[in-house]
Amino acid sequence: MKWTLDWLLEYLKTDLSADEIADVLTKTGLEVDDVFAPIAPVAAKIVECAPVEGSDHLHVLKVDDGASDLRQVVCGAPNARVGLVSALARPGCIVAGHKIESGKLRGVVSNGMMCSERELGIGENHDGIMELPADTPLGAPVLDVDTVFDAGITPNRPDYLAVRGIARDLMAVGAGQYIAPMDSEISDVPTARRVIVETEKCPIYRFCEIADIKMAPSDKKIARRLAAIGINPKNAPIDATNYICYDMAQPMHCFDADEIQGDIIVRMAKDGEEFTDLFGATHALCDTDIVIADNAGILALAGVIGGARGATTDKTKNIILESAYFDSVCVRKTSKRIGVSTDASYRYERGIDPTISGVAIASAARIIMDACGGKIVGTGIGGAGVKDAPQIEYSPDLFMKKTGIDMPAMHQRQILENLGFVVRESGEKWIVTPRAARVDVQIPETIVAELMRIYGYDKISGAKSTICTEPRQHDMHEMMIKTQLAARGINECKSFGFGNSATEVALFDRTPLKIANPITSDLDTMRGDLLGNLLVAVANNEKRGYPDLSLFELGTVFTGFNPGEQKTSLTIVRTGATGPKHWSGRARAYDIYDVKADLIALMQGQRFTVDASNPPRWAHPFRYGAIYQGKKKIAQFGELSPVVAKKLRIKTNVVVAIVDDIANLPGIRRPKNTVLSEFQPITRDFAFITDADAQAEKIVAAAASADARITNVVVFDAFNMGDGKKSIAFTITVQPTANMSDEDLSALQNAVISRVESKCGAKIRDK
């Protein structure tokens, strides 16, 4: 959105400078990207004029623009001659919406452009370049230029697409006094032509027919403002619609009345119906497009672009002005589908003030008739009418609850009324009706947001203690998990919140949550896991020659489309070698015990058991385990199934660890200073005979649980004894807390033997 300072000051009385205004707007939610004064064309005298070789109309000019050196310009105007003082647009000037740059014409360097009156928007003459009085000071600006603001508009603030809306917002924040425009509507003028609205997607449609006009350029003020913001002035009717679009944010269109046959019909297009726009491009329409038509066919694509038939030209004598409100969703769908974006569609997509079509068409009509003459010979209106602005039930104490700032109710009311909202008391609550242009204000929380931005985000540091300044507990939990994994040499990966349905089906036994309108065909689901995207990263890195990876991702996965059907999951993948090539020997490949160790590190010393039954689709059937605490599954780890690896074109061995929900992980604790015990650790070895298919992990867990002083259990030997039995030997480490006698140590050893035999069905080896 661009506008000029003098345009803004038409609606705002203020003592602030342009930079101060930009600073205030940025603080209140309108980010001003730039404030600049356009480079004005200057008077320049032609000193030399020679024809360009090989051209029948181009000339090489040497012009004096008041600088120390003459400037070379290529010009094709028939009146270019030595001694003529004309208007020179130097590089950097904006002329007819285009930035002038140095370049070559027919191989000749041109450092500027000599301009006609029409190109500068100050006249209709385009037969040659401007002819200024001979005594015009060289280098003097030919046009008055004004400071231009350039701001980015967020989708939720359509009122900022009107200069009036910006002025009102500045008044609300105390930056000046709003100057209310003297708006009025046109009196009804009966005519045989009617408006027939056949769709609810157009609540209101107005037209105004003006006869006997004489095409003329716009008022200089309007032309200058449009030129300053990059819109090339053409003629009064077209300029009037462009001007109102920026002044009020009401898009309009101008038809040649003599080309319209019969009534104006607003309807939905028919599937396959064709429409040729005013640039000559033909579009195939569908039944979600709103069109403006007459008895002969389509005249315009509503809210997007006008048609070739019915467009105004320099020969137009009678015009019909259109001012309407079209459904924002329909306009957006049409604009995106046909790939055409205009100032009109940009505004309709965000939602315009539904109540200003009357004053907008009256203002445009006055601008046109002031410049071109003519008279209004007919008006019409159709549609079911626009809905009333929402009435929002609001309690002043909500502001304190949401922001922690104690703003008096009267101060809140003053801000809302300055914004143009109507506040009515209803018991202890207020009924707030936002002004019609604020289509973004629908619920109490949006009222709080309005109050907060006008009050000032810079004052939020003074809020009371209701605002949480400490990190939330789950955020701390996540950060500690990330810190531990990073300390183990694993890099964090971040992927889209979407997944691929084919990959999810290959990895898990569940139905993917398909998206109706995916951003790409490869990301067509709400991701139900993190593994799919990590494996894509592995495949892409391997393809580019980087097979050795250690990655983790912690993020949201979805179990359904409804609120609450999400959880935060963690996935770790390791692939390739554990280290780079080295002369001392080859690094080993990652195996499942590496990712198991990652999970154990996150368990913070908590007791657990491992179960290798029922591996999921992604896992190797014989290289998989799940970590349990009691009957609760905490995590799972394993080697990627060769079948899955082949589908994803992964050749390197991949090992995986998954925590389905990090809420199941024990709270990660910050490391504490450990006081070394004054007693020497004690180790003891044990060997048990058990069934050949028994899990060593269960025996280790049973031994570790026998006494709190056992700090570590490590298997050092295992072999098959035949007849369905095997031997497992392990070492326990005991950290005494006091002097231990032989009897104490013997009792501990017996406790280990008893626990393993009772829990695992194993027998201590006697030899």
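The values are calculated or read from the model by the stated rules, or taken from the named source; none is laboratory data. In this text, all values refer to a predicted model and were calculated from it rather than measured experimentally. Counting neighbours? That spans all protein chains shown, and the Cβs are built from the backbone with ideal geometry, glycine included. Just so you know, the surface numbers come from the protein's heavy atoms only, side chains and all, with ligands and any DNA or RNA stripped out. Shrake-Rupley method; radii C 1.70, N 1.55, O 1.52, S 1.80 Å.
Computed quantities for the displayed model
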{"quantity": "Of the criteria (1) crowded, with 17+ Cβ neighbours inside 10 Å; (2) under 21 Å from Val655 (Cβ atoms), which one Thr568 fails", "calculated": "(2)"}
{"quantity": "Options Ala587, Ala537; residue that is within 25 Å of the chain's Cα centre (by Cα) and open to solvent by 10 Å² or more (accessible area, probe 1.4 Å)", "calculated": "Ala537"}
{"quantity": "Residue selected from the stretch 438-488 under the condition acidic (Asp, Glu) and more than 25 Å from the chain's Cα centre (by Cα), by the criterion modelled with the highest pLDDT", "calculated": "Glu478"}
{"quantity": "Count of residues meeting criterion [in contact with a helix residue (DSSP H, G or I) (Cβ under 8 Å, 6 or more places away or on another chain) and either within 12 Å of Val42 (Cβ to Cβ) or modelled with pLDDT of 90 or more (or both)] in the stretch 90-112", "calculated": "0"}
{"quantity": "Out of Lys234, Lys214, sole residue that is without any contact (Cβ under 8 Å) to a residue 12 or more places away in the chain, assigned to a loop (DSSP other than H, G, I, E, B), out of contact with any strand residue (DSSP E or B) (no Cβ under 8 Å at 6 or more places or on another chain) and more than 16 Å from Val291 (Cβ to Cβ)", "calculated": "Lys234"}
{"quantity": "Selection count, the stretch 506-557, where residues are in a loop (DSSP other than H, G, I, E, B) and touching a residue at least 12 places away in the same chain (Cβ under 8 Å)", "calculated": "15"}
{"quantity": "Test: residue in the stretch 367-378 that is touching an Asp or Glu at 6+ places or on another chain (Cβ under 8 Å), touching a residue at least 12 places away in the same chain (Cβ under 8 Å) and open to solvent by 70 Å² or more (accessible area, probe 1.4 Å)", "calculated": "yes"}
{"quantity": "Pair list, Cβ < 6 Å and 6+ apart or interchain, from the stretch 34-48 residues that are charged (D, E, K, R) to residues that are part of a loop (DSSP other than H, G, I, E, B)", "calculated": "Lys45/Leu138"}
{"quantity": "Residue list for the stretch 1-45, filter: touching a Ser or Thr at 6+ places or on another chain (Cβ under 7 Å) and over 26 Å from Leu161 (Cβ atoms)", "calculated": "Ala43, Ala44"}
{"quantity": "Strands (runs of 3 or more DSSP E) completely within the stretch 55-160 that count 1 or more residues being free of Cβ contacts under 8 Å to residues at least 24 places away in the same chain and surrounded by fewer than 18 Cβ atoms within 10 Å (Cβ to Cβ)", "calculated": "59-64, 103-105"}
{"quantity": "Wholly enclosed strands (runs of 3 or more DSSP E) of the stretch 295-396 bearing at least 1 residues under 26 Å from Phe275 (Cβ atoms)", "calculated": "297-301, 319-325, 375-382"}
{"quantity": "Complete set of residues in the stretch 709-730 that are of a type in the set (Val, Ile, Thr) and either more than 18 Å from Glu697 (Cβ to Cβ) or more than 58 Å from the chain's Cα centre (by Cα) (or both)", "calculated": "Ile728"}
{"quantity": "Matching residues, the stretch 639-679, being of a type in the set (Gly, Ala, Ser) and either on the phi > 0 side of the Ramachandran plot or at pLDDT below 90 (or both)", "calculated": "Ala663, Gly667, Ser677"}
